[in-house]
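These notes concern the structure reproduced below.
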Amino acid sequence: MAQWLNATVSETIYWTSSLFSIKAKTGPLPFIAGQFVRLAVDGPEGRIQRAYSLVNPPDSDYQEFLISTVAEGLLSPLLQQLTPGDTIGISQPASGFFILDEVPDGDNLWLIATGTGIGPYLSMLATAEPYRRFKHIILVHSVRNAADLAYKELIESFVARHPAQLHYQPVVTREQLPGALHDRIPNLIASHQLQQQCGQLLNSNSQVMLCGNPQMITDTRALLIDMGLTKNLRRTPGNITVEQYWN
């Protein structure tokens with residue numbers, strides 16, 4: 001059974017009117033990059049909780065979460081209203097198998113996300129493991145508007161430290177942005193625009209992680225399977241690893 005840690009909000013970062021990050025001071029907590037916990041606050045009708053991926057690396061003194069506000073949601077509007085000094089519940093221990101330990105080796109590693117699905121990848125990229133295991137790593141982040149490209153400075157710092165290994169490719173679907181692609185991820189893969197822009201192959205020697213919008217995951221996974229890649233399961237290792245929940 002999960003236990004609850006009461007943490008103090010130290011900072012809220014507002015990327016847009018409906019996209020924000022929360023940092024909570026806790027001291028280091030045990031988890032593996034890519035895992036998630038549940039956040040909880042007390043609402044008018046009792047405690048409300050939901051799963052969110054950890055954005056920070058495992059050795060941080062704080063826990064950080066990237067959250068999209070759902071207007072009709074029960075929890076996200078309450079989280080958006082939190083200010084430094086407020087209390088938030090964080091479940092322990094962390095959970096989930098969307099971690100690099102579950103990903104086989106390959107020629108390259110594609111980290112493909114929409115929206116807040118980029119969160120677990122930021123945690124992974126702050127650790128040594130991806131750079132130790134993969135010659136090339138491609139981080140693809142698809143959003144509707146350029147303002148939704150959260151953590152660009154952090155990502156650029158990762159690229160600066162690993163310029164020969166890490167490539168960051170933004171995708172913006174509803175407006176033009178220099179350097180970004182402008183179509184749905186499955187379409188970009190099918191047309192080979194994504195592979196050409198990133199300078200990397202996407203084939204049966206690749207490892208692909210998908211996190212974000214369920215329709216993107218469904219469509220991209222089906223396309224990759226048609227291209228000869230296979231689902232990665234513990235009993236039958238393959239190429240495609242998927243995060244099953246959506247926040």
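The values are calculated or read from the model by the stated rules, or taken from the named source; none is laboratory data. Remember, predicted model here, so these are calculated numbers, not experimental data. Reconstructed Cβ throughout: ideal geometry from the backbone, glycine too, with neighbour counts over all protein chains shown. These area figures cover heavy atoms from the full protein model, side chains too; ligands, DNA and RNA do not enter into them. Shrake-Rupley method; radii C 1.70, N 1.55, O 1.52, S 1.80 Å.
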message: Give all pairs with beta carbons closer than 7 Å in which a residue from region 175-203 that is surrounded by 12 or more Cβ atoms within 10 Å (Cβ to Cβ) and among the aliphatic types (A, V, I, L, M) meets a residue that is part of a loop (DSSP other than H, G, I, E, B) and at pLDDT 95 or above; count only pairs at least 6 apart in sequence or on separate chains.
response: ILE189/LEU202
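Filter region 53-66 down to residues that are assigned to a loop (DSSP other than H, G, I, E, B) and without any contact (Cβ under 8 Å) to a residue 60 or more places away in the chain and give me whichever is farthest from ASN6 (Cα to Cα).
Here is the first cut: in region 53-66, the ones assigned to a loop (DSSP other than H, G, I, E, B) are 54-61.
This time we only want the ones that are without any contact (Cβ under 8 Å) to a residue 60 or more places away in the chain, so: 59-61.
Details: ASP59: 19, SER60: 17, ASP61: 14 Å.
That would be ASP59.
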query: Considering region 207-241 alone, what residues qualify as being β-branched (Val, Ile, Thr) and crowded, with 17+ Cβ neighbours inside 10 Å?
result: VAL208, ILE217, THR220, ILE240, THR241
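Would you pick out the residues in region 169-191 that are at negative phi, touching a strand residue (DSSP E or B) at 6+ places or on another chain (Cβ under 8 Å) and not hydroxyl-bearing (Ser, Thr, Tyr)?
The first filter runs over region 169-191 and keeps only residues at negative phi, leaving 169-178, 180-191.
Cutting the leftovers down to touching a strand residue (DSSP E or B) at 6+ places or on another chain (Cβ under 8 Å) gives us 169-173, 177, 180-185, 188.
Passing the criteria: GLN169, PRO170, VAL171, VAL172, LEU177, ALA180, LEU181, HIS182, ASP183, ARG184, ILE185, LEU188.
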One residue from TYR121, TYR131 being aromatic (Phe, Trp, Tyr), closer than 27 Å to THR26 by Cβ and open to solvent by 10 Å² or more (accessible area, probe 1.4 Å): TYR131
message: I'd like the full set of residues that are closer than 20 Å to PHE36 by Cβ and not polar (S, T, N, Q), limited to region 123-143.
response: MET124, LEU125, ALA126, GLU129, PRO130, LEU139, HIS141
Those residues of region 134-144 which are within 17 Å of the chain's Cα centre (by Cα) and either open to solvent by 50 Å² or more (accessible area, probe 1.4 Å) or among the charged types (D, E, K, R) (or both), in sequence order: ARG144
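Collect the residues in region 160-211 that are among the small types (Gly, Ala, Ser) and not in a strand (DSSP E or B), keeping them in residue-number order.
ALA160, ALA164, GLY179, ALA180, ALA190, SER191, GLY199, SER204
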message: Taking the conditions exactly as written (modelled with pLDDT under 95 and over 19 Å from MET124 (Cα atoms)), does LEU39 satisfy them or not?
response: no
query: Among the strands (runs of 3 or more DSSP E) confined wholly to region 2-52, which include 3 or more residues that are open to solvent by 30 Å² or more (accessible area, probe 1.4 Å)?
result: 3-16, 36-43
